[in-house]
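Enquirer: This structure is in structure tokens; I'll ask about it shortly.
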Amino acid sequence: MSALDFERLAANGDKLDSAFPQAKPEPLPPELPSVEPFPMAAMPDTLRPWVQDVADRLQCPPDFVAVPMLVAAASLAARVVAIRPQARTDWAVPGNLWALMVGRPGMMKSPALAQALAPIQRLEGLAGQHYAEALKLHRAEALADKLRAKAAEHEAAKLLKKDKGADVAHLLMAPEDGDELPPRPRYIVSDATYEKLGAILAENPAGVLTVRDEVRGLLVDLAREEQAPARGFYLQAWSGGAYTFDRIGRGTLLIPDARLSMVGGIQPGPLAELVRLARAGKADDGMLERFLICWPDTADDWRNVDRWPDSDARRTAFDAFEHLDQLTPDAIQAQQDRYPNGDAQGRPYLRFDAEALEAFTDWRTGLESRLRTCENAGLEAALSKFRHHIPGLALALHLTGGHGGPVGISPTLQALTLSEYFESHARRLHSSARRAAVRGASRLLERVKARALPAVFTARDVMRKDWSGLTERQAVADALDLLVTHGWLVESVTATGLSGGRPTTIYSLALGAA
């Protein structure tokens with residue numbers, strides 16, 4: 001098409017249809033794919049009634065209560081044992097989990113999170129009280145040591161006064177580490193630098209749960225180039241294993257097994273932006289893919305619920321967490337590898353029983369097949385982390401249900417049910433980058449139909465309108481491409497520009513789209 005043709009068509013838009021081939025429009029895709037509702041049957045009996053009660057009283061999706069509660073329970077299970085998902089190998093999954101609750105403001109994410117974590121918050125509070133008492137005792141003992149040392153020094157001086165050759169070395173020996181404070185037991189960390197978090201993990205080698213009401217700030221901060229060491233620490237702390245801090249002036253801090261659990265909330269917009277950054281290669285090291293995603297739909301109806309909490313359900317949930325906290329490897333019949341000299345090697349662990357192993361292996365076979373045919377690199381990375389998530393969930397469900405010994409078929413099937421739920425939400429996450437394009441395409445189509453643009457227009461014409469969501473070049477290009485692909489617009493390229501310059505891409509509404 002020549003520049004003269006373009007000018008003629010632009011001036012006679014009402015006769016434009018005959019100049020372009022007819023296209024049959026197709027509906028635009030939804031902004032977000034559908035997701036599975038949370039499968040309440042996958043929750044252990046000890047936690048399910050409390051989840052249902054909280055979700056009903058808050059009128060929030062049960063996902064926002066159940067998922068953080070599962071992460072908290074898994075963090076306690078991971079303090080005791082790991083799980084080995086195969087019958088003979090030493091492949092071990094530490095059992096800790098990360099999860100993101102995704103929702104717009106006002107969806108009650110924060111109140112639900114507070115209720116879900118109340119049982120483990122209670123353990124943190126009790127640990128703080130016990131530590132305060134231990135600290136008082138420690139300070140009293142340290143003061144007593146100083147008085148004993150002073151008395152011993154006085155006694156040594158008396159002996160030396162009588163006999164300059166008297167052996168008084170034993171009186172002058174100071175107690176070892178008398179001023180060193182005892183480590184503080186921790187269950188939850190809310191806001192700490194990565195170096196402070198490392199110090200907390202060094203004192204709590206069983207692991208801790210970090211809770212962030214809004215995770216966006218952390219993820220954006222970790223995406224900055226100068227934060228590469230912090231990002232590396234978090235990546236390692238999800239996988240588990242030794243981590244060493246070497247700092248001039250502060251020496252060496254060794255964490256034998258950095259094991260971090262994490263849960264928090266984020267809004268859809270910032271999360272979609274993080275997905276786009278990862279696709280652009282600016283944060284594509286698998287950080288975001290390590291999170292289980294909980295992105296439920298908003299309920300269509302709302303009702304006012306004003307009743308007392310279910311005290312029995314609450315007590316049962318709190319008791320379940322206290323039970324997890326008191327578990328020992330021996331109490332749950334955990335296995336332990338040993339060195340030739342008999343010393344413990346690595347962490348205690350459980351395996352699946354025969355029936356559960358068969359179910360898990362069948363599920364994993366299907367997963368590995370899907371991974372090899374997945375065209376979305378981000379989704380593929382996320383699903384690959386299910387090798388970590390699902391055994392960890394099975395372990396947590398097994399122990400939260402009050403069981404010991406090999407992980408059985410019931411908690412394993414619950415974990416596999418949850419895998420379907422979390423996979424659908426992962427697919428929503430990794431489709432969210434197209435959300436802006438779909439929304440922009442819908443807005444642009446409305447304006448084209450309303451003749452807010454010339455019958456024949458360019459991308460620049462759209463940008464000049466300064467419409468919300470359609471002000472940036474890439475956003476306009478994505479919206480136009482989507483409308484062309486689905487047959488709502490016809491795209492053509494002029495042989496030359498209006499003034500004889502470079503070719504110009506022009507668009508018009510397709511036949512049957514008006």
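Enquirer: Would you mind calculating the gained length between residue 305 and residue 142 on full extension (0.36 nm times residue separation, minus the Cα-Cα distance), in nm to one decimal?
Expert: Additional length available on full extension: 53.2 nm.
Enquirer: Apply the a/c threshold of 1.5 to the C-alpha gyration tensor of region 186-229 and tell me whether it is rounded, prolate or oblate.
Expert: Cα axes put region 186-229 in the oblate bin.
Enquirer: Before anything else, pin down the relative contact order of region 134-271: Cα pairs under 8 Å, at least 6 apart, normalised by residue count, whole percent.
Expert: 22 percent
Enquirer: While we're here: What accessible area, in Å² to the nearest ten, does a 1.4 Å probe give for residue 484?
Expert: Near enough 40 Å² of accessible area.
Enquirer: Moving on. Net charge near residue 49, counting Lys/Arg +1 and Asp/Glu -1 over other residues with Cβ under 15 Å of its Cβ?
Expert: Residues near residue 49 contribute -1 overall.
Enquirer: Let me ask you something else. Round to a whole angstrom and tell me the spacing of the C-alpha centers of region 448-495 and region 256-316.
Expert: Comparing the Cα centres of region 448-495 and region 256-316, I get a distance of 35 Å.
Enquirer: Is the shape of region 21-83 rounded, prolate or oblate, going by the alpha carbon gyration tensor and its root eigenvalues a ≥ b ≥ c, with a/c under 1.5 for rounded and a/b larger than b/c for prolate?
Expert: It comes out prolate by the Cα gyration axes.
Enquirer: Which order do 434, 460 take when ranked by solvent-accessible area (1.4 Å probe, heavy atoms of all protein chains), largest first?
Expert: Descending order: 460, 434.
Enquirer: List the residues whose amide H sits under 5 Å from the amide H of residue 262, counting only those 5 or more places along or on another chain, with H placed 1.01 Å from N in the peptide plane.
Expert: Under 5 Å from the amide H of residue 262: 97, 98, 99, 210.
Enquirer: Moving on to the next point. Which ³J(HN,Hα) values in Hz, rounded to whole numbers, follow from the phi angles of region 70-82 under the Karplus curve 6.51 cos²θ - 1.76 cosθ + 1.60, where θ = phi - 60° and Gly and Pro get x?
Expert: 5, 4, 5, 5, 5, 5, 6, 4, 5, 6, 9, 9, 9
Enquirer: Moving on to the next point. Can you figure out the FRET efficiency of residue 254 with residue 368, using R₀ = 25 Å and their beta-carbon distance, to the nearest 0.05?
Expert: That pair, residue 254 with residue 368, gives E of 0.10.
Enquirer: So what's the angle, to the nearest 10 degrees on a 0 to 90 scale, between helix 48-58 and the longest Cα principal axis of the chain?
Expert: Roughly 60 degrees, rounded to the nearest 10.
Enquirer: Which is farthest toward the positive dipole end of the chain among 101, 335, 266, measuring Cα position about the Cα centre, with Cβ charges +1 (Lys, Arg) and -1 (Asp, Glu)?
Expert: My answer, from the dipole projection, is 266.
Enquirer: What do you get for the angle between helix 118-162 and the principal long axis of the chain? Use alpha-carbon atoms, 0 to 90 degrees, nearest ten.
Expert: 40 degrees
Enquirer: Based on the Cβ-Cβ distance of residue 449 and residue 181, what FRET efficiency does E = 1/(1 + (r/R0)^6) give at R0 = 51 Å, to the nearest 0.05?
Expert: Efficiency for this residue pair is about 0.10.
Enquirer: Could you report the chain's accessible area per residue, 1.4 Å probe, as an integer in Å²?
Expert: That works out to 51 Å² per residue.
Enquirer: Also, quick follow-up: With a 1.4 Å probe and every protein chain kept in, tell me what percent of the accessible surface of region 104-251 is carbon plus sulfur.
Expert: For region 104-251, the apolar C and S fraction of the accessible surface comes to 55 percent.
Enquirer: Now for a different question. So how far apart, in nm, are the two label points at residue 246 and residue 354 if each is 7 Å from Cα heading toward Cβ?
Expert: Simple spin-label model gives 5.1 nm for this pair.
Enquirer: In µm²/s, what is D for region 159-257 at 10 °C and 1.306 mPa s, where D = kT/(6 pi eta Rh) by Stokes-Einstein and Rh is the Kirkwood radius from Cα pairs?
Expert: Value of D from the Cα-based Kirkwood radius: 94 µm²/s.
Enquirer: In addition: With an 8 Å cut-off on Cα pairs and a minimum separation of 6 or more residues, tell me the relative contact order of region 202-280 in percent.
Expert: 43 percent
Enquirer: Between residue 224 and residue 169, with labels modelled 7 Å along Cα→Cβ, what's the label distance in nm to one decimal, could you check?
Expert: 5.5 nm
Enquirer: Right, another one. Relative to the longest principal axis of the chain, what angle (0 to 90°, nearest 10) does the C-alpha long axis of helix 473-485 take?
Expert: Orientation of helix 473-485: about 60 degrees from the principal axis.
Enquirer: Right, here's the next one. Let me make sure I get this right: for region 244-402, a, b and c are the square roots of the gyration tensor eigenvalues over alpha carbons, sorted descending. Under 1.5 in a/c it's rounded, otherwise prolate if a/b > b/c, else oblate. Which is it?
Expert: Cα axes put region 244-402 in the rounded bin.
Enquirer: Right, another one. Using a Förster radius of 45 Å, what is the FRET efficiency between residue 463 and residue 195 based on their Cβ-Cβ separation? Nearest 0.05, please.
Expert: It comes out at approximately 0.50.
Enquirer: Please report the antiparallel percentage of DSSP beta bridges with both residues in region 194-290, rounded to the nearest 5.
Expert: 50 percent
Enquirer: Tell me, in nm to one decimal, what length is gained between residue 477 and residue 326 on full extension, where the rule is 0.36 nm per residue of separation less the Cα-Cα distance?
Expert: 48.6 nm
Enquirer: Please work out how much accessible surface residue 403 shows to a 1.4 Å probe, ignoring ligands, DNA and RNA, in Å² rounded to 10.
Expert: Number for this one is 100 Å².
Enquirer: What is the antiparallel percent of DSSP beta bridges lying wholly in the chain, to the nearest 5?
Expert: Of all bridge pairs located within the chain, approximately 45 percent are antiparallel.
Enquirer: Whole angstrom only: what separates the Cα centroid of region 187-226 from the Cα centroid of region 141-166?
Expert: 47 Å
Enquirer: Here's something else I'd like to know. When only Cα pairs under 8 Å and 6 or more residues apart are kept, what is the percent relative contact order across the chain?
Expert: Computed over the chain, the figure is 27 percent.
Enquirer: Now a separate question. In debye, nearest 20, what is the charge dipole magnitude of the chain about its Cα centre with +1 on Lys and Arg Cβ and -1 on Asp and Glu Cβ, if you could check?
Expert: Dipole about the Cα centre, nearest 20: 1040 debye.
The values are calculated or read from the model by the stated rules, or taken from the named source; none is laboratory data. Bear in mind that the values here come from a model prediction, so they are computed numbers and not experimental data. Cβ atoms come from the backbone with ideal geometry, glycine included; neighbour counts cover every protein chain shown. All accessible areas refer to the heavy atoms of the entire protein, side chains included, with ligands and DNA or RNA removed. Shrake-Rupley method; radii C 1.70, N 1.55, O 1.52, S 1.80 Å.
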